[in-house]
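Here is the structure we will look at, set down as structure tokens.
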Amino acid sequence: MILEIISSIKIKIINQMETTIWTMQGILAAIFTASGLYILINTEKLKSKLSWLNAYSPTMVAFICIAKIAGAIGLVLPMLTGILPVLTPLASIGIALIMLLALVYHVRKKEYKDMPATIIFFIMAMFVALYRVEVISI
């Protein structure tokens, strides 16, 4: 009886956690796809608003935007299709790395107003990566 209750609670927690992780993956994928595409298409217009666009070459900016889009796809598609699901935590680590590098840039430029969102996205990406590595290894 007690074991059944504990098992039932454990299943509910796992289901809730799975829903939470998928929600985080969806949010990150949407944000990184949208920002990657928007910056890639409107680089010149955004140079006055995003200082990092002036700090890097157009090739590097394009690379960063494409990395964001690829990471966003990797956050969702492998787990959704079941094809190479190991790519999802790797994509999440890639997104976290982009955010870590963005954080370093903002600290160096003293752009403190941009840091909270960067930190939140970093934490979300690492959380997804850690959870998905755990799920895949089971």
(message) Using Cβ counts within 10 Å as a stand-in for footprinting exposure, how do GLU18, GLU111, GLU44 rank, fewest first?
(response) GLU44, GLU18, GLU111
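Give me the extension gain from SER8 to ALA30: residue separation times 0.36 nm, minus the current Cα-Cα distance, reported in nm with one decimal.
Details: separation 22, 0.36 × 22 = 7.92 nm, distance 3.31 nm.
So the extension gain works out to 4.6 nm.
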(message) At a 10 Å Cβ-Cβ cut-off, how would you order TYR131, TYR105, fewest neighbours first?
(response) TYR105, TYR131
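Of the cross-linked pairs LYS45/LYS113; LYS68/LYS109; LYS49/LYS109, which ones have a Cα-Cα span greater than 18 Å in the structure shown? The partial results should precede the final answer.
Numbers: LYS45/LYS113 21 Å; LYS68/LYS109 22 Å; LYS49/LYS109 14 Å.
The pairs that break the limit, which is 18 Å between Cα atoms, are LYS45/LYS113; LYS68/LYS109.
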(message) If I take every Cα pair under 8 Å that is 6 or more residues apart in the chain, average their sequence separation and divide by the length, what percent do I get for the relative contact order?
(response) 24 percent
(request) Assuming 1.306 mPa s and 10 °C, estimate D for the chain with Stokes-Einstein, Rh taken as the Kirkwood radius over Cα pairs, in µm²/s. (result) 97 µm²/s
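Read-outs: derived from the displayed coordinates by stated rules, not from any lab. Note that the structure is a prediction, hence the values are computed from the model and not measured. Positions of Cβ are backbone-derived with ideal geometry, glycine not excepted, and every protein chain shown enters the neighbour counts.
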